[in-house]
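Worksheet: one structure, shown below.
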Amino acid sequence: NVGLIPDAGGTWYLPRTLGPQRAMGLAMLGERLPAEQAKEWGLIWDVTDDEQLMPAAMALAQRLAAGPGIALERIKKAIHAAPHNPLAKQLDMESDLQRECGHSKDFIEGAMAFMQKRKPQFTGR
């Protein structure tokens, strides 16, 4: 509604994420998209009330910080690469990244914790 088009990749990502009809509607009409609708359409992961934002963000940050850092970093790498890779290249990348994770102390800890039915204590190594 200011005489510009969506930028920063919006015209590329929105149609791929939402389909061309929803992307066109959002871009051309410039209407606000409620957070609940954005979640339903797959644009965002979750929604929280304003007063719960910081506690929810901190809980999520603590959960991620306690996770297997090596695997989390490689998950991000693989998912960011996926839209740009053909399937065969993505499968090769997954194999390489999985091998790296499989040689980590976090993997050993995760496997041991699973077998011992306890919560893992990851170190990022």
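The values are calculated or read from the model by the stated rules, or taken from the named source; none is laboratory data. Quantities reported herein were computed from a predicted structural model and do not represent experimental measurements. Note: accessible area is taken over every heavy atom of the protein model, side chains too, but ligands, DNA and RNA are not part of it. Shrake-Rupley method; radii C 1.70, N 1.55, O 1.52, S 1.80 Å.
So here's what we get for this one:
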| quantity | calculated |
| --- | --- |
| Three-way shape call for the range 31-125 based on the alpha-carbon gyration tensor, with the a/c threshold at 1.5 | oblate |
| The range 1-85: translational diffusion in µm²/s, Stokes-Einstein, Kirkwood Rh over Cα pairs, 25 °C, 0.890 mPa s | 158 µm²/s |
| Total lysine pairs whose alpha carbons fall under 26 Å of each other in the chain (8 or more apart, or interchain) | 10 |
| The chain - percent of accessible surface contributed by carbon and sulfur, probe 1.4 Å | 60 percent |
| The range 81-94 - phi-based ³J(HN,Hα) in whole Hz, Karplus 6.51/-1.76/1.60, Gly and Pro as x | 7, 3, x, 9, 10, x, 3, 4, 5, 5, 5, 4, 4, 4 |
| Backbone HN-Hα couplings from phi across the range 4-10 [Karplus 6.51/-1.76/1.60, Hz, Gly and Pro as x] | 10, 9, x, 10, 6, x, x |
| Solvent-accessible area per residue for the chain (1.4 angstrom probe, square angstrom) | 82 Å² |
